[in-house]
Amino acid sequence: MRQYLYDMINSSGTLSTQDVLLRIGMSVLFGILIFISYRLTHGGSVYSAKFNITLLTLTILTTTVMTVIGNNVALSLGMVGALSIVRFRTSIKDSRDTTYIFWTIIIGICCGVGDFMVASIGSAGVFLVLLVFGRVKNENRMLLVVRGSYEREADIRRTIFEYFTKPPVMKAENTSGESVELIYELDRRAMDASSKRETARAAAESREQASIIRKLRDLGGIEYVNIVVQSDEIS
């Protein structure tokens, strides 16, 4: 009886115990590489330690599944049927997370079939690309929200277009009663260039620099002026 149980536990199809341990061990090493890559390319509130650990375990699990399936068509069809029952609702905070999910699955498949050369070369290429370009972020999106009296709408538009070197893009216009709310999308570089230009002009005329908020406030009839910045950290 003991020998029967021992044979059942150590049986792994056509693979020996050493082969299984080798494939699982290699998947752990590649999973650690993915773990390090994700940690280096994510920071702030975008980084999720739980998701990073999930990537590591997903690599091992995929390798385990591929080791069991092997070349057995019946097992592969059964596995697809079993996985089709699962519904994943995990929200992706960063588009790069999709790359890491596919990376773990592909590495798991490579390790499961014993093709470590492809896994090594592919992982090295992806790791270098993400290491170089992983820290690239979108330019911060800025919105200028102005609410004032309806009679001041023309003055508000003129002041905004005179202040910025690059005309801002109108995103929304809301009217209610005798007030109007204008929302413009600003370019960060245009915002910085306009601020420097106003600083130089104020220094040349020996007067205090006037920001876009102060210029709009000086028009009168302005309820509020808000500048909203949305970065990758809160996207």
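Modelled label positions at residue 162 and residue 47, each set 7 Å beyond Cα in the direction of Cβ, lie 4.8 nm from each other.
Of the residues 157, 23, the one with the fewest other Cβ atoms within 10 Å heads the list, and the complete ranking is 157, 23.
Where a number appears in this text, it was derived from the coordinates with a stated rule and is not lab data. The model shown is predicted, which means the values in this text are computed figures rather than measured ones. Methodologically, a virtual Cβ is constructed for each residue, glycine included, from the backbone with ideal geometry; neighbour enumeration extends over all protein chains shown.
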